[in-house]
1. Working carefully through the options A:Val225, A:Val264, A:Val275, find the one that is in contact with a strand residue (DSSP E or B) (Cβ under 9 Å, 6 or more places away or on another chain) and either outside any strand (DSSP E or B) or open to solvent by 20 Å² or more (accessible area, probe 1.4 Å) (or both).
2. Looking only at residues in region A:329-355 that are outside any helix (DSSP H, G or I) and exposed (fewer than 15 other Cβ atoms within 10 Å of the Cβ), which one is modelled with the lowest pLDDT?
3. Output the number of residues of region B:51-84 satisfying the condition of being outside any helix (DSSP H, G or I) and of a type in the set (A, V, I, L, M).
4. Mind telling me which of the residues A:Ser300, A:Ser283, A:Ser371, A:Ser363 ends up being at pLDDT 90 or above and either part of a helix (DSSP H, G or I) or outside the structural domain of A:Arg384 (by TED's automatic domain parsing) (or both)?
5. When region B:149-159 is examined, which residues are found to be open to solvent by less than 60 Å² (accessible area, probe 1.4 Å) and either within 11 Å of the chain's Cα centre (by Cα) or without any contact (Cβ under 8 Å) to a residue 24 or more places away in the chain (or both)?
6. What residue, among those in region B:85-103 that are of a type in the set (D, E, K, R) and assigned to a helix (DSSP H, G or I), is farthest from the other protein chains (Cβ to nearest Cβ)?
7. Could we say that A:Ser210 is hydroxyl-bearing (Ser, Thr, Tyr), within 30 Å of A:Val380 (Cα to Cα) and buried (at least 17 other Cβ atoms within 10 Å of the Cβ) here?
8. Being β-branched (Val, Ile, Thr), open to solvent by 30 Å² or more (accessible area, probe 1.4 Å) and under 27 Å from A:Ser245 (Cα atoms) is the filter here, so list the residues in region A:89-137 that pass it.
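The values are calculated or read from the model by the stated rules, or taken from the named source; none is laboratory data. Please read these numbers as outputs of a predicted model, since none were measured by experiment. Methodologically, a virtual Cβ is constructed for each residue, glycine included, from the backbone with ideal geometry; neighbour enumeration extends over all protein chains shown. For accessibility, only protein heavy atoms count, side chains too; no ligands or nucleic acids. Shrake-Rupley method; radii C 1.70, N 1.55, O 1.52, S 1.80 Å.
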Amino acid sequence: MTVREAFRVAMQALAANRLRSALTTLGVLIGVMSVVLLVAIGQGARSEITGAIEGLGSNLLFVLPGDGEFGQGPTRSRFVLDDVDLIERELPGAETRVAGYTVGAEALQADGARVNATVLAVTASYPRVFNRELARGQAVTESDVVTARRVAVLGATTAEELFPGQDPIGRNLTIGGIRYRVSGVLARIGGGGSPFGPDQDRNVLVPITSGQRLFGTDRLDAIFVRATSTAAVEADRSTVERALSQRLDEDEFSVISQDEIIGVVGDILQILTIVLAAIAGISLLVGGVGVSNIMLVSVSERTREIGLRKALGARTRDITTQFLLEAIVLTGIGGAIGLGLGISGALLVAQFAPVPAEITGWSIALALGVSVAVGLVFGVLPARRAGQLDPVEALRRE
Amino acid sequence: MSDGEASGPARREGRVLLEARAVTRTYRLGRDVEVPALRGVSFVVDRGDYVAIVGSSGSGKSTLLNLLGALDRPTDGAVRYDGRDVREMSDPELADLRNTRIGFVFQSFHLLPRLTARDNVILPLVYRPGSRRERRDRAEAALTAVGLADRMDHRPTELSGGQQQRVAIARAIVTDPALILADEPTGNLDSRTGEDIMALLERIQTEQDTALVVITHERQIARRAHSTIELRDGLIVGEVAA
């Protein structure tokens, strides 16, 4: 019997039991759908986050407290404003390339409007290092920093929320109960927030000195250096490390390039994606067990048919092929529909949820390949049992 | 039909289709219990022969049918088709033997309920080479030969018992077998329909020179055959040549 003929026979048999075939398929369908959907979400999250890091600008070096090893507890920063000066002295053209900040979350209040925002206490160089453009008014200046002036530059969204329909420049607000004056508004970045990063249009910038007073600290959370080119990143890293080691121990700071962060974060999210896929894969496995189970039922129900086919000249292999194909068709159809639903689901998620979903070729190939393999693996046992039935016994069965 | 002991294949060379020689078949039930179903049976079926095998239940009829149908192998002795011993044939070779040389007709018809009459008749052709069109043509010719030209698209449940058995006969002859093996072919039919079915089988036997072996417990059916083998307790107790 040719495979095509066996395929036709398998389809006939499946069509004769439509409801059961559909329900069996459902198990595989759900499994494939979850694999495709969860991998899409994982991949989407990965490119969203790495994209957000890339969006900070290119060729950035992050100077962070601690020795930069993952798996350690949070390290208290020992950076102070003088460290920024230390780096600036060593790096050529450093005034526009080195920025430091301290971050806090504070309640903002103006004219009865009240919002919570991330307050970045920054050096004057911050907007240039991070490519933040000003929409109106004035940025944080060097003299604001020196005199610890209580001025604030609002993110576009925060400005609208605090001063709806008004010009916020020159207006007063309180940050954590301290009075500030709005000196400028940042240009909108757009894109909104995500579960993985705050909305940058809700940030509020204040001079590092007055911010430190606000937060009650004299530390910096991090220092950032922008290299002039990709080629200069490594040279700048050495310079920064040399400069800081004059004052700090080796394990009190680490200099990490943007690419390294993207790499590490990307790797972590890739592992997350694989774990999600594996969990979804378990449901695919359960679907496969269902297929095996139903095929065994089918074999015992059709014992007489198998006996008859053997009497009419079917070889063991013909019978085995027929039942194996039935299993593969079941899982293959489940895989194809599950793939369709998974892709639709991913597109829906991308449309409505804050997490974007990204469909990847490998998840599609994996889902389809695995579903056919599931049919093969879980179909073998029932198919062999069918093929090895003794025709005499099988024909006698009622 | 003639006594296997007295007539060797040499005597009628070319006419012998099937030869059973000192065939025994013993079933093992559990570890130590052995039940002999056939205890040494010998006979010959020639091409175009018409043989009835009679006996009460438990006489070994069904066991013999399975052996003649190449569905089973003897415990001892030889069943030879065209001179080849089935004990020396592999499972795929036996399957091919059943497909090309033997047509089965069962008491309970054994039609697949989800298939039309035509697709039921096509069934044995699926296991041999050939185009779909060719299979269809052969199946329709076979159904026409059994008088069911107008019932090709009916399913078994839409047919009477006699019509179902005709479909089964069409399925048996569609492969042009050398032997039709009918196991109580009239057992599930009323006597008039049974009469028609026997007449149909006999017509095929004479017109197409196909050997017909009918297994039955009904004397008047057996009497129609050219020769009769009577089985009792796994042995041949009587042979009548017509």
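1. Numbers: A:Val225 fails: either outside any strand (DSSP E or B) or open to solvent by 20 Å² or more (accessible area, probe 1.4 Å) (or both); A:Val275 fails: in contact with a strand residue (DSSP E or B) (Cβ under 9 Å, 6 or more places away or on another chain).
Just one listed residue meets the conditions, A:Val264.
2. Going residue by residue through region A:329-355, those that are outside any helix (DSSP H, G or I) are A:353-355.
Subset that is exposed (fewer than 15 other Cβ atoms within 10 Å of the Cβ): A:353-354.
Details: A:Ala353: 75, A:Pro354: 72.
By that ranking, first place goes to A:Pro354.
3. From region B:51-84, those outside any helix (DSSP H, G or I) are B:51-60, B:69-84; that's our starting set.
Narrowing further to those that are of a type in the set (A, V, I, L, M): B:51-54, B:70-71, B:78-79.
Qualifying residue count, region B:51-84: 8.
4. Working: A:Ser283 fails: at pLDDT 90 or above; A:Ser371 fails: at pLDDT 90 or above; A:Ser363 fails: at pLDDT 90 or above.
The match here is A:Ser300.
5. Let us first name the residues in region B:149-159 that are open to solvent by less than 60 Å² (accessible area, probe 1.4 Å), namely B:149, B:152, B:154, B:156, B:159.
Within region B:149-159, B:Ala149 is the sole residue that qualifies.
6. Across region B:85-103, the extreme among qualifying residues is B:Glu88.
7. Working: hydroxyl-bearing (Ser, Thr, Tyr): yes; within 30 Å of A:Val380 (Cα to Cα): no; buried (at least 17 other Cβ atoms within 10 Å of the Cβ): yes.
Spelling it out, it is not the case that A:Ser210 is hydroxyl-bearing (Ser, Thr, Tyr), within 30 Å of A:Val380 (Cα to Cα) and buried (at least 17 other Cβ atoms within 10 Å of the Cβ).
8. Residues of region A:89-137 β-branched (Val, Ile, Thr): A:96, A:98, A:102-103, A:115, A:118-119, A:122-123, A:129.
Within this subset, residues satisfying the condition of being open to solvent by 30 Å² or more (accessible area, probe 1.4 Å) are A:96, A:103, A:118.
A:Thr96, A:Val103 - these are the residues of region A:89-137 that are β-branched (Val, Ile, Thr), open to solvent by 30 Å² or more (accessible area, probe 1.4 Å) and under 27 Å from A:Ser245 (Cα atoms).
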